[in-house]
Amino acid sequence: MSAIVRNAAVTVAGSLAAGLAYASLIERNAFVVREVTMPVLTPGSSPLRVLHLSDLHMMPKQRRKQAWLRELADWEPDLVVNTGDNLSHPKSVPAVVQAMGDLLAVPGIFVFGSNDYFAPKPKNPANYLFKTHKRITGAPLPWQDLRAAFTERGWLDMTHTRREIEINGQLIAVAGVDDPHLNRDRYDTIAGRPNPAANLSLGVSHAPYTRVLDRFADDGYQLVLAGHTHGGQLCVPFYGALVTNCDIDTS
């Protein structure tokens, strides 16, 4: 091997190592709230602050993540929307509930994701680049316990359900589906146009597959909230997402 090739190989290896170190040690702990103003309420409606939570993938000993979650109540949301993948361990339910803290006293709605039903298993993230990669699921997780904890605090399970809720005097028409990533979505159970008198019509799903987004759009929902993509399951610095792990475009 020539010196030039050898140096190039060392440079590439060093860059990969640095990238992995950043992703595993820094990026995954760089929790952040992104604030977006969306003009989706009917004219004349009062502002509504919605806190959207998704993909916590909580482990029992992730103290930093739990402390960060407890601080989110300081944003004083009017409504909390949780779109799943809360768990990553059979003993994570108490950690999630305790970390939610005062948020559970705020009106909330939720649906579940694949990592509420099944634990994650180690896998090569490069497999996401291939559409035919085999989906791997781990042991069942206690999603029923999480559901009980949420509903006991007044949060509403929107799995294949339509509801109308009132928040600060405003009517919100909500509908949700089970996780499309596991092919558990059954949109026909909630199909139909929302109440036109609602100040906001809101759809919720864990994974933003186009078959679900299109149905919500066709029915006239003004906003759909989903998680799952992690902003790109594989990303390149200064470029962005290489893959979304569903069928929406990376942009």
Response to the item:
Computed for segment 127-251: size of charge dipole around the Cα centre, +1 on C-beta of each Lys and Arg, -1 on C-beta of each Asp and Glu, debye to nearest 20, value 280
Item to complete: Could you point to the residue in GLY101, PHE118, LEU87 farthest towards the positive end of segment 76-124's charge dipole, with +1 and -1 charges on the Cβ of Lys/Arg and Asp/Glu respectively?
Response: PHE118
Discussion item. Out of the trypsin sites (Lys or Arg not before Pro) in segment 147-250, which ones are loop residues according to DSSP with at most 14 other C-beta atoms within 10 Å?
Written reply: ARG153, ARG186
Worksheet item: For ILE167, which sequence-distant residues (separation of 5 or more, or a different chain) have an amide H within less than 5 Å of its own amide H, given hydrogens modelled in the peptide plane?
Response: ILE172
Item to complete: Take each uninterrupted DSSP H stretch in the chain, measure its Cα extent along the helix axis, and return the ones at 15 Å or beyond whose mean Kyte-Doolittle hydropathy is at least -1.0.
Response: 3-21
Discussion item. Please return the longest range in the chain lying between exposed loop sites, taking chymotrypsin sites (Phe, Trp or Tyr not before Pro), DSSP loop only, at most 16 other beta-carbon atoms within 10 Å, and leaving the sites out.
Written reply: 131-237
Worksheet item: Looking only at PRO47, PRO142, PRO194, which one moves most when the chain is put into a Gaussian network model with springs between Cα atoms under 10 Å?
Response: PRO47
Worksheet, complete the sentence: Nearest-0.05 FRET efficiency for ALA105 and ALA139 at R0 = 35 Å, using Cβ-Cβ distance, is 0.65
Worksheet item: With θ set to phi - 60° and the Karplus curve 6.51 cos²θ - 1.76 cosθ + 1.60, what are the ³J(HN,Hα) couplings of segment 169-182 in order, to the nearest whole Hz, using x for Gly and Pro?
Response: x, 10, 8, 10, 8, 10, 9, x, 10, 6, 5, x, 5, 9
Discussion item. List the residues, sorted by chain then number, that are 5 or more residues from ASN82 or on another chain and whose placed amide H is less than 5 Å from its amide H.
Written reply: LEU53, ILE109, PHE110, VAL111
Worksheet entry | Residue list for segment 175-219, given a label point 7 angstrom along the Cα-to-Cβ vector of ASP157 and an amide N cut-off under 15 Å | 176-179
Item to complete: List nothing, just return the count: lysine pairs in the chain, 8 or more apart or interchain, with Cα separation under 16 Å.
Response: 6
Fill in: Separation between Cα centres of segment 90-108 and segment 41-63, rounded to whole Å
13
Fill in: Length-normalised contact order of the chain in % [C-alpha pairs under 8 Å, at least 6 apart]
15
Worksheet item: In nanometres, what is the gap between the two model label sites at ALA217 and HIS230, each 7 Å from Cα along Cα-to-Cβ?
Response: 2.6
Discussion item. Suppose only helical runs count, i.e. DSSP H with n ≥ 4. What mean residue ellipticity at 222 nm does that imply for the chain under -39500 (n - 2.57) per run, divided by all residues and rounded to the nearest 500 deg cm²/dmol?
Written reply: -7000 deg cm²/dmol
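Every number here is computed from the coordinates shown, using simple stated rules; none is lab data. This one's a predicted model, so the numbers in the text were calculated from it and none came from an experiment. All Cβ positions, glycine included, derive from the backbone under ideal geometry; neighbour counts span all protein chains shown.
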